[in-house]
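Here's the structure, in structure tokens; my notes come after.
The values are calculated or read from the model by the stated rules, or taken from the named source; none is laboratory data. In this text, all values refer to a predicted model and were calculated from it rather than measured experimentally. In this analysis, Cβ positions are derived from the backbone assuming ideal geometry, glycine residues included, and neighbour counts consider all displayed protein chains. Each accessible area value is taken on the protein alone, full model and side chains, heavy atoms only, with ligands, DNA and RNA left out. Shrake-Rupley method; radii C 1.70, N 1.55, O 1.52, S 1.80 Å.
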Amino acid sequence: MRYLRNFAYFAVGIFLAAAFVLGTTRVHTHSVNPLLRESVASVTHKIHEKGGYCSVVMIAPERALTAAHCLYMKSPSVTIRGHDYPVREGYAASPRDVAVLTIPGAPCPCVSVAGTPLVAGDFVAVTGYPLGITLTVTYGEMQARIVLPEDGQEYLLMTALITLGHSGGGVFNQYGELVGIITAGNIGMFSLAVELLTVTLPLK
């Protein structure tokens with residue numbers, strides 16, 4: 001009898017968890033502009049070489065943002081609509097884990113940078129190439145602004161799912177405007193606030 005009771009509790013727990021997850025997914029899916037996924041996906045591309053990969057976001061013709069730790073690649077290319085564009089230069093915004101790339105011939109569409117910072121509870125969409133395989137767009141909420149003691153820089157903590165390969169991918173608001181870049185932190189993955197770096201990078 002005790003086993004039946006425990007099984008019943010377990011089944012109810014699974015049901016409630018599934019209902020919560022499905023309900024949350026339904027809310028996020030329902031609130032997303034149908035054109036948002038297409039818009040944010042169109043400005044996000046893969047940077048790669050043999051044995052290495054990251055993501056980039058086009059911010060102007062021949063210019064992209066990525067994570068500075070992705071600059072370890074020796075001869076990277078960015079793939080846009082099936083065509084590879086070799087990267088000519090990369091400028092790191094030390095100590096921030098963000099860099100600007102010069103990619104001759106790389107075309108738009110290019111993203112607009114948000115003029116208003118995110119606040120806790122705001123919707124976010126995140127793009128990138130997990131494991132360097134295929135473009136994904138995940139959704140979540142901005143949770144908090146934090147300052148890491150290791151570098152003294154401000155980061156945004158969010159709930160959208162990310163993994164290896166998302167580095168350099170974009171974080172977008174509900175209007176498809178860029179609000180951050182996925183970067184690496186010692187206590188997890190974070191999005192570096194774009195409004196803090198747009199005036200400091202050498203956009204040559």
Revision key, fill the gap. (1) out of contact with any strand residue (DSSP E or B) (no Cβ under 9 Å at 6 or more places or on another chain); (2) open to solvent by 10 Å² or more (accessible area, probe 1.4 Å) all hold for SER42 apart from (1)
Check your understanding: Can you find a residue in segment 175-194 that is in a loop (DSSP other than H, G, I, E, B), modelled with pLDDT of 90 or more and closer than 19 Å to VAL56 by Cβ?
Key -> yes
Point to revise | Options THR163, THR134, THR116, THR138; residue that is over 13 Å from LEU178 (Cα atoms), at pLDDT below 85 and β-branched (Val, Ile, Thr) | key: THR163
Practice item. Go through the residues of segment 15-31 one by one and say whether even a single one is surrounded by fewer than 22 Cβ atoms within 10 Å (Cβ to Cβ), within 24 Å of LEU157 (Cβ to Cβ) and at pLDDT 90 or above. Key: no
Check your understanding: Does ASP151 qualify as being of a type outside the set (Val, Ile, Thr), open to solvent by 40 Å² or more (accessible area, probe 1.4 Å) and either over 17 Å from the mean Cα position of the chain (by Cα) or modelled with pLDDT under 90 (or both)?
Key -> yes
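So which strands (runs of 3 or more DSSP E) are wholly in segment 84-142 and hold at least 1 residues that are closer than 17 Å to LEU36 by Cα and open to solvent by 20 Å² or more (accessible area, probe 1.4 Å)?
Qualifying strands (runs of 3 or more DSSP E): 123-128.
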Exercise for review: Identify all residues within segment 64-79 that are open to solvent by 40 Å² or more (accessible area, probe 1.4 Å) and either within 14 Å of the chain's Cα centre (by Cα) or closer than 18 Å to ARG96 by Cα (or both); write none if there are none.
Suggested key: HIS69, LEU71, TYR72
